[in-house]
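Engineer: Below is one structure. I have some questions about it.
The values are calculated or read from the model by the stated rules, or taken from the named source; none is laboratory data. Predicted, not measured: the structure shown is a model, and the values here were computed from it. Virtual Cβ from ideal backbone geometry, glycine too; neighbours counted across all protein chains shown.
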Amino acid sequence: MHDDVDARRFHTHRSSLRGFDQAFVYEKAERGSGVALLCVHGWPESKRIFWKVIAPFAAAGFDVIVPDLRGFGDSGQPTDGFYDTPSHSKDMYSLVHDQLGYDKVVVLGGDLGGPVIQDMALRYPDFVDRMVLFNSPLPFDKERMAGIDGTRAPREAADYFLRQGLDADALASELSTADERRRYIATFYGSRFWAHPGTFDQSAIDFHCEPFADAVVMRASFGGYETVFHPSKSSEPTMMGHNTSTPTLVLFGPSDHVIYPAFDKMAAQVFEKHVGPYLLRDCGHFVPWEAPHALVSGTAAFCADLLRE
């Protein structure tokens, strides 16, 4: 088995500080005093989406922290029943600050991980040193984004979003077997063209779909979508918004057929202290898997001053 699709490649640690069993990978820097780097996955992903970059990040000088979000992958279900962005954000702070003891962190994420790290940067401004953001939802600023074409995701790609947000129980019931759940998730790595064509072979698709074969995990993963349509599903409002203070590296895989076509231009309006945006050739939604070298080298260059300290 190739290391990239070996679930046992990295040791899984556990944290219970937030009232549920949170699974995470923790790989220390190969040399010196490492810089904490928190990598936050999205949907339909788990910590496995970072399998190609964990070792290179550690070799570059980072202490790499890669959790499964509450309800995802090997993590348990939260006792409070919330799967909203603020809850994920607080989980991440608890893991990195309280469990592992870091006073500063570089945060990296896309898809659902993008809102989580954006919330963290505004909720914990003295803790989040800088961000690396790619292919993620963004707050919409009507005034700042006026005149930008492509500020809405393709309408034809929204069917999954509506079903998972408005009809989650019925959808989960339809996906009644492990094979049906795997096949559903597989479309997001293949026929829906979120990724650049040909990026994921069958072994990679199987690897990323496997955690969602579990019915409880699949149903829990819809929770974030429900928060968009049902305020009662959120523990509190997110702190996502215009960010004037956090240095942010913006990367964009333009082969993505689900995120806004103008993600790069929009992000440049949201983050005043941005580097880039940089477009990644032949890359779509799943940047850590599709463009691992660009993500690692770009992040290392962005954090070169920290890595030298």
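Engineer: In this structure, is Tyr124 free of Cβ contacts under 8 Å to residues at least 40 places away in the same chain, in contact with a Ser or Thr (Cβ under 9 Å, 6 or more places away or on another chain), of a type in the set (Phe, Trp, Tyr) and under 30 Å from Val96 (Cα atoms)?
Structural biologist: yes
Engineer: Let me ask you something else. Say whether the condition of being in contact with a Gly (Cβ under 8 Å, 6 or more places away or on another chain), at pLDDT below 95 and not small (Gly, Ala, Ser) is met by at least one residue in segment 130-148.
Structural biologist: Yes, some residue in segment 130-148 is in contact with a Gly (Cβ under 8 Å, 6 or more places away or on another chain), at pLDDT below 95 and not small (Gly, Ala, Ser).
Engineer: Scan segment 101-114 for residues that are over 8 Å from the mean Cα position of the chain (by Cα) and either at negative phi or of a type in the set (S, T, N, Q) (or both) and jot them down.
Structural biologist: Matches in segment 101-114: Tyr102, Asp103, Lys104, Val105, Val106, Val107.
Engineer: Would you confirm whether or not segment 43-55 contains a residue that is surrounded by 24 or more Cβ atoms within 10 Å (Cβ to Cβ), among the charged types (D, E, K, R) and touching a residue at least 60 places away in the same chain (Cβ under 8 Å)?
Structural biologist: yes
Engineer: In addition: Restricting to segment 1-42, what's the tally of residues that are farther than 14 Å from Pro67 by Cα and exposed (fewer than 14 other Cβ atoms within 10 Å of the Cβ)?
Structural biologist: Summing the residues that are farther than 14 Å from Pro67 by Cα and exposed (fewer than 14 other Cβ atoms within 10 Å of the Cβ) in segment 1-42 gives 11.
Engineer: Out of segment 172-207, which residues are part of a loop (DSSP other than H, G, I, E, B) and closer than 14 Å to Pro44 by Cβ?
Structural biologist: Leu175, Gly190, Ser191, Arg192, Trp194, Ala195, Phe200
Engineer: When the residues of segment 30-44 are narrowed to those that are at pLDDT 95 or above and in contact with a strand residue (DSSP E or B) (Cβ under 8 Å, 6 or more places away or on another chain), which ends up farthest from Asp6 (Cα to Cα)?
Structural biologist: Selected residue: Val35.
Engineer: Quick one: which residue in Thr238, Thr199, Thr227 is among the hydroxyl-bearing types (Ser, Thr, Tyr) and closer than 27 Å to Glu174 by Cβ?
Structural biologist: Thr227
Engineer: Sort through Pro197, Pro237, Pro247 and tell me the only one that's crowded, with 16+ Cβ neighbours inside 10 Å and either touching a residue at least 12 places away in the same chain (Cβ under 8 Å) or β-branched (Val, Ile, Thr) (or both).
Structural biologist: Pro247
Engineer: For segment 130-149, enumerate the residues that are of a type in the set (D, E, K, R), in contact with a helix residue (DSSP H, G or I) (Cβ under 8 Å, 6 or more places away or on another chain) and surrounded by fewer than 18 Cβ atoms within 10 Å (Cβ to Cβ).
Structural biologist: Passing the criteria: Asp141, Arg144.
Engineer: Any idea which residue in segment 250-267 is nearest to Gln164 (Cα to Cα), counting only those that are in contact (Cβ under 8 Å) with a residue 24 or more places away in the chain and not in a loop (DSSP other than H, G, I, E, B)?
Structural biologist: Filtering first and then ranking leaves Phe263.
Engineer: Next question, about the same structure. Mind listing just one residue for me: the one in segment 1-12 that is of a type outside the set (A, V, I, L, M, F, W, C) and part of a loop (DSSP other than H, G, I, E, B) and, of those, farthest from Arg182 (Cα to Cα)?
Structural biologist: Of everything passing the filter in segment 1-12, His11 is farthest from Arg182 (Cα to Cα).
Engineer: Answer yes or no as to whether Phe10 is touching a Ser or Thr at 6+ places or on another chain (Cβ under 9 Å) and at pLDDT 95 or above.
Structural biologist: Spelling it out, it is not the case that Phe10 is touching a Ser or Thr at 6+ places or on another chain (Cβ under 9 Å) and at pLDDT 95 or above.
Engineer: Among the numbered criteria (1) within 30 Å of Asp201 (Cα to Cα); (2) buried (at least 16 other Cβ atoms within 10 Å of the Cβ); (3) under 19 Å from the mean Cα position of the chain (by Cα), which single criterion is violated by Leu95?
Structural biologist: Every condition holds for Leu95 apart from (1).
Engineer: Tell me the residue from Leu95, Leu100, Leu175, Leu122 that is closer than 18 Å to Ala268 by Cα, of a type in the set (A, V, I, L, M, F, W, C) and out of contact with any His (no Cβ under 7 Å at 6 or more places or on another chain), please.
Structural biologist: Being closer than 18 Å to Ala268 by Cα, of a type in the set (A, V, I, L, M, F, W, C) and out of contact with any His (no Cβ under 7 Å at 6 or more places or on another chain) holds for just one of Leu95, Leu100, Leu175, Leu122, which is Leu122.
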